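Read through the structure below, which is laid out as structure tokens, and then see the notes.
The values are calculated or read from the model by the stated rules, or taken from the named source; none is laboratory data. Quick caveat, the model's predicted, so the values are computed rather than measured. Neighbour counts run over all protein chains shown; Cβ positions are idealised from the backbone, glycine included.
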Amino acid sequence: MLNEQAARAADRGPIHLGPPGTLGLAGLSREDCEKIHQASLEILQETGILVTSDKAKTVFSDHGATVDKASSRVYLPQSLIEKGLSSIPSNLIIPGRTPDRDYLMGGDNLGFVNFGSTVYVNDLSSGERRKALLDDVVQVTRIMDTLDSLSILISMLNATDKSPVTETLHTLAAMMANTTKPVEAIPPTADLIPKMALMGEAAVGREAFRERPFFFTGVCLVSPLKMVDDCSEVLMAAVEQGFTTSVLSMCLAGGTAPVHLAGTVVQHNAEVLSGLTLGQLVKPGAPMFYSSSTTTMDMRFGTAAVGSPEGALLNAALAQMGKYYNIPVRVSGG
């Protein structure tokens with residue numbers, strides 16, 4: 001069913017990813033973006049999205065979405081999605097600990113962030129491949145702080161010597177102590193969001209942090225078309241705290257998404273739109289942005305083909321969709 005609906009974009013005419021002489025690296029014209037948008041709306045209205053959180057289902061229902069309680073599937077009308085998109089700021093200031101490290105996100109502004117969540121490192125002293133520790137997070141953060149090419153930092157390493165429950169807090173504390181750049185921290189559960197806020201307040205004072213929260217957070221939907229508790233509840237808690245929030249999808253073309261690239265773009269877009277809509281229903285005007293780590297599945301090894309040519313085309317197209325909506329966008333560069 002999903003493949004059929006994602007492919008219906010073709011019924012409105014072909015979508016070309018990559019021809020020369022059109023708009024952007026992905027080659028998406030305004031008309032192409034409109035086809036993708038309409039196909040995404042069709043999926044969200046007819047197929048819907050699986051939402052496991054009772055709180056999130058209530059928010060959707062209270063604002064006019066149809067909720068099937070038996071299946072936990074939420075069907076979003078076009079008007080609800082477009083209302084949410086209209087209230088997202090088109091430009092965001094991501095504050096650093098010091099104003100000279102602020103980053104303006106939106107429009108044609110271009111910046112870079114490191115990739116993250118690596119479990120293993122090669123020890124510089126012994127050459128041994130081992131699990132990353134909190135001290136490694138400290139050392140890597142100090143290096144990234146000096147790199148002018150990086151505007152925003154996320155944790156490059158997982159501190160495996162800390163409990164998975166609190167690892168985010170330990171990592172955030174280590175990064176706060178070793179950089180003044182904006183930091184992204186992604187907690188596994190919503191109850192950590194207030195604790196993160198307290199850490200920021202302890203660092204610079206309550207009023208200063210509330211005015212300039214120098215870290216932000218993000219959530220990732222589960223493809224295909226599933227918003228689990230850890231996604232929706234973290235998203236709602238972050239928005240309520242006033243944190244800038246990224247909504248991400250990691251579709252795998254040929255695995256968790258249609259094998260053809262246009263269908264994967266449509267599915268990814270639908271998933272991200274559902275998360276952006278939820279955040280705006282909770283707090284209209286909340287600072288949010290559109291994100292992607294979508295790529296293709298390596299059919300030989302069953303892994304994500306990060307850095308593949310198809311991944312570059314997908315993310316260029318998705319960057320164009322963010323610009324189509326006139327909201328800030330961040331995509332994987334491989």
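Summed over the stretch 115-137, residues that are surrounded by 14 or more Cβ atoms within 10 Å (Cβ to Cβ) and either in a loop (DSSP other than H, G, I, E, B) or in contact with a helix residue (DSSP H, G or I) (Cβ under 8 Å, 6 or more places away or on another chain) (or both) total 6.
The residue of the stretch 75-119 that is nearest to residue 134 (Cα to Cα), among those that are of a type in the set (A, V, I, L, M, F, W, C) and free of Cβ contacts under 8 Å to residues at least 60 places away in the same chain, is 119.
Taken as a whole, the stretch 100-116 holds at least one residue that is of a type in the set (Ser, Thr, Tyr) and at pLDDT 95 or above. With the condition kept exactly as written, say whether any residue in the stretch 35-44 is over 22 Å from the mean Cα position of the chain (by Cα) and without any contact (Cβ under 8 Å) to a residue 24 or more places away in the chain. Among the residues of the stretch 35-44, not one is over 22 Å from the mean Cα position of the chain (by Cα) and without any contact (Cβ under 8 Å) to a residue 24 or more places away in the chain, which makes the answer no.
Among residues belonging to the stretch 138-150 that are of a type in the set (Ser, Thr, Tyr) and surrounded by fewer than 21 Cβ atoms within 10 Å (Cβ to Cβ), point out the one that is nearest to residue 112 (Cα to Cα).
So the residue we want is 149.
Inside the stretch 162-174, residues that are within 15 Å of residue 139 (Cα to Cα) and over 21 Å from the mean Cα position of the chain (by Cα) make up a count of 3.
Determine whether the stretch 293-314 contains at least one residue that is in contact with a helix residue (DSSP H, G or I) (Cβ under 9 Å, 6 or more places away or on another chain), assigned by TED's automatic domain parsing to the domain that holds residue 87, buried (at least 20 other Cβ atoms within 10 Å of the Cβ) and within 18 Å of residue 106 (Cβ to Cβ). No, because not a single residue in the stretch 293-314 is in contact with a helix residue (DSSP H, G or I) (Cβ under 9 Å, 6 or more places away or on another chain), assigned by TED's automatic domain parsing to the domain that holds residue 87, buried (at least 20 other Cβ atoms within 10 Å of the Cβ) and within 18 Å of residue 106 (Cβ to Cβ).
For residue 183, state whether it is farther than 14 Å from residue 279 by Cα, in contact with a strand residue (DSSP E or B) (Cβ under 8 Å, 6 or more places away or on another chain) and of a type in the set (A, V, I, L, M). Yes. Only residues that are out of contact with any Lys or Arg (no Cβ under 9 Å at 6 or more places or on another chain) and aliphatic (A, V, I, L, M) were counted in the stretch 199-215, giving 3. The single condition from (1) closer than 22 Å to residue 217 by Cα; (2) under 15 Å from the mean Cα position of the chain (by Cα) that residue 267 fails is (1).
State yes or no: is residue 203 modelled with pLDDT under 95, of a type in the set (A, V, I, L, M) and in the same structural domain as residue 117 (by TED's automatic domain parsing)?
Answer is yes for this residue.
Number of residues in the stretch 281-334 that are of a type in the set (Ser, Thr, Tyr) and not in a strand (DSSP E or B): the value is 6. Within the stretch 98-109, one or more residues are under 21 Å from the mean Cα position of the chain (by Cα), within 16 Å of residue 216 (Cβ to Cβ) and crowded, with 20+ Cβ neighbours inside 10 Å. Remark: pairs (first residue in the stretch 49-68, under 13 Å from residue 229 (Cα atoms); second residue of a type in the set (Gly, Ala, Ser) and modelled with pLDDT under 95; Cβ separation under 8 Å; 6+ apart in sequence or on different chains) are absent. Note on the stretch 238-266: residues that are farther than 24 Å from residue 194 by Cα, small (Gly, Ala, Ser) and either touching a helix residue (DSSP H, G or I) at 6+ places or on another chain (Cβ under 8 Å) or not assigned by TED's automatic domain parsing to the domain that holds residue 330 (or both) total 5.
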